[in-house]
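Comments concern the structure below.
The values are calculated or read from the model by the stated rules, or taken from the named source; none is laboratory data. Keep in mind that this is a model prediction, so the values were computed, not measured. Glycine gets a Cβ as well: all are built from the backbone with ideal geometry, and neighbour counts include every protein chain shown. The area values use the complete protein model at the heavy-atom level, side chains included, leaving out ligands, DNA and RNA. Shrake-Rupley method; radii C 1.70, N 1.55, O 1.52, S 1.80 Å.
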Amino acid sequence: MTFVSWSAIFLPWTVSAFLAPSFVPRSNILVQQQLQISSPSSAVCVNPRTATVELFASTAEATGTMPSKQTPHGGVLVDLMVQTEDGKAAAKAKCTVELQLTPRQLCDVELLMVGGFSPLDGFMDQATYEHVVEHMELPNGLIFGLPVVFDTNSEELKPGVSILLKDGTRDIATFEVTDKYVPNKPLECLKCYGTSAIEHPGALMVATERGKYYLGGKVTGLNLPIRDFVCQTPQEVRASLPSDADVVAFQCRNPIHRAHYELFTRALDAPNVSANGVVLVHPTCGPTQADDIPGVVRYKTYEVLKEETHNPRTFWAYLPYSMHMAGPREAIQHMMIRKNYGCTHFIIGRDMAGSKSSVTGEDFYGPYDAQEFAKANAERLGMQTVPSLNLVFTEEKGYVTADQAKAENLHQLNLSGTKFRKMLRGGEDIPEWFAFKSVVKVLRENS
């Protein structure tokens, strides 16, 4: 096994070519022409189409009836939660080590426990990790956007150890370690984020936040985390959705303003959405970019907006997911997760899960890279995409598409994010065509 060494300051290697299904962010093309990286010579030691991998849902049980018409990813909605106190005590009794979860690990553990990452029933072992990194699929051929891994710097933790995972004093899960390996972090970043440069927030996270080793193995759920906002499980969300209608998922990681609301409500008019379709607004409330609004504050803005709009065709739930800002490949991950929550369609926004260089300020991905990548992989995922409309506000007709505004020579009103934040801090009136009053009030109270 050959690994490329990691340097957080200077990366003396480059990628000669991405293996399919990869993508090239426009800001990284010149870098790639100067560097060369080799894939591990023995990355996968199982047949990628036919192998049976113990990590997945062979031991998972279906969670009973699922009203949504969408089939879970891989066919079974995994449920790893132990239901009895005796069962929890028995699981804990096997543990010899306790670990406190980081906020990112806590999100991953929760999504594993409740089936958001179905068909996984634990953290990826080395063969699975490498296959997902290289090929964007599990060893059995099932498409999977990003690796789900547990990192550590501990030299003592080894295969055979059972770990009690905790959030403060609360027991969250047990983790039976079956594999320990040194990940190829540069290759992981190149394949998953399209760049190894630490000016990308995802690559920076992998290089500086994650530990030296990754652990693989089975997770058993004990208790869900206690949060300021309740994150419904896939089974609970499915039970709340109509079983005879298309469900269009809207992912966001920021407060929802007028243009966002117009975007996801008009998505129901898309030709590939049923006439009785509904929207599931499903924001991520876990860790994200350092300069994003905290998850608890975002949650408060969603709650007041839900009350203000009272739209019967709009459903709301919250996702305990840690953003990677991985652009196209993260779009695949989001679609897969929403499929497990019962959605049939997914709105792909402009520059979805995109990020800018912390050095140059340039975008890592093109504005439509995620849309095109998701559309190309939609059939494999068993999901349909709904591209987001490019909406602008006009004095004459309110929100219309940019093409219509140009064709009819309508007068557009613009307010940049920078200007909005300045007005917010200064106590100036925010125009209602841009933001909801209730949302503005929450943002000011929590600034």
Kindly state which helices (runs of 4 or more DSSP H) lie completely within region 212-316 and contain at least 2 residues that are open to solvent by 10 Å² or more (accessible area, probe 1.4 Å), of a type in the set (S, T, N, Q) and over 30 Å from S357 (Cα atoms).
234-240
Quick check: is even one residue across region 203-212 farther than 17 Å from Y318 by Cα and among the basic types (K, R)?
yes
Here is a check on your reading of the model: is L138 more than 22 Å from V237 (Cα to Cα), touching a residue at least 12 places away in the same chain (Cβ under 8 Å) and crowded, with 20+ Cβ neighbours inside 10 Å?
yes
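Residue-wise test of (1) within 30 Å of Q105 (Cβ to Cβ); (2) modelled with pLDDT of 85 or more.
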site: V247; (1), (2): yes, yes
site: F250; (1), (2): yes, yes
site: N254; (1), (2): yes, no
site: H257; (1), (2): no, yes
site: L263; (1), (2): no, yes
site: V273; (1), (2): no, yes
site: G277; (1), (2): no, yes
site: A290; (1), (2): yes, no
site: P294; (1), (2): yes, no
Candidate set: region 69-111, residues that are within 18 Å of the chain's Cα centre (by Cα) and within 19 Å of V161 (Cα to Cα); chosen: the one most open to solvent (accessible area, probe 1.4 Å)
Q105
E445: charged (D, E, K, R), touching a Leu at 6+ places or on another chain (Cβ under 9 Å), more than 18 Å from A249 (Cα to Cα) and exposed (fewer than 13 other Cβ atoms within 10 Å of the Cβ), yes or no?
no
Is it true that L204 is closer than 24 Å to L224 by Cβ, in contact with a Ser or Thr (Cβ under 8 Å, 6 or more places away or on another chain) and either surrounded by fewer than 24 Cβ atoms within 10 Å (Cβ to Cβ) or of a type outside the set (F, W, Y) (or both)?
no
Restricting attention to region 157-192, report how many residues are out of contact with any Asp or Glu (no Cβ under 9 Å at 6 or more places or on another chain), touching a residue at least 60 places away in the same chain (Cβ under 8 Å) and either closer than 20 Å to G354 by Cα or assigned to a helix (DSSP H, G or I) (or both).
3
Restricting attention to region 157-199, and to residues there that are at pLDDT 95 or above and on the phi > 0 side of the Ramachandran plot, which single residue is least open to solvent (accessible area, probe 1.4 Å)?
G168
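Specify the residue that is modelled with the lowest pLDDT; the eligible residues are those in region 413-446 that are over 22 Å from R266 (Cα atoms) and not in a helix (DSSP H, G or I).
If we take residues in region 413-446 being over 22 Å from R266 (Cα atoms) and not in a helix (DSSP H, G or I), then S416 is modelled with the lowest pLDDT.
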R258 is checked against (1) farther than 23 Å from S416 by Cα; (2) in contact with a strand residue (DSSP E or B) (Cβ under 9 Å, 6 or more places away or on another chain); (3) charged (D, E, K, R) and fails just one. What number does that condition carry?
(1)
Would you check which residues across region 341-374 are more than 27 Å from N276 (Cα to Cα), of a type in the set (D, E, K, R) and under 17 Å from the mean Cα position of the chain (by Cα) and list them?
D351, D369
Is there a residue in region 328-342 that is open to solvent by less than 10 Å² (accessible area, probe 1.4 Å), in a loop (DSSP other than H, G, I, E, B) and modelled with pLDDT of 95 or more?
yes
Scan region 125-156 residue by residue and report those that are of a type outside the set (A, V, I, L, M, F, W, C), assigned to a loop (DSSP other than H, G, I, E, B) and at negative phi.
D125, P139, N140, G145, P147, N153, S154, E155, E156
Scope region 81-98; condition hydrophobic (A, V, I, L, M, F, W, C) and either in contact (Cβ under 8 Å) with a residue 24 or more places away in the chain or part of a loop (DSSP other than H, G, I, E, B) (or both); matching residues:
M81, V82, A91, C95, V97
Which ones in region 384-407 are in a loop (DSSP other than H, G, I, E, B) and open to solvent by less than 30 Å² (accessible area, probe 1.4 Å)?
S388
Quick check on L410: is it surrounded by 13 or more Cβ atoms within 10 Å (Cβ to Cβ) and either modelled with pLDDT of 95 or more or within 26 Å of G202 (Cα to Cα) (or both)?
yes
From the residues in region 354-372 that are of a type in the set (D, E, K, R) and buried (at least 17 other Cβ atoms within 10 Å of the Cβ), which one is nearest to N254 (Cα to Cα)?
K356
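Working only within region 317-327, note down all residues that are open to solvent by 20 Å² or more (accessible area, probe 1.4 Å) and modelled with pLDDT of 90 or more.
none
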Answer yes if at least one residue in region 368-379 is in contact (Cβ under 8 Å) with a residue 60 or more places away in the chain, among the aromatic types (F, W, Y) and not in a loop (DSSP other than H, G, I, E, B), and no otherwise.
yes
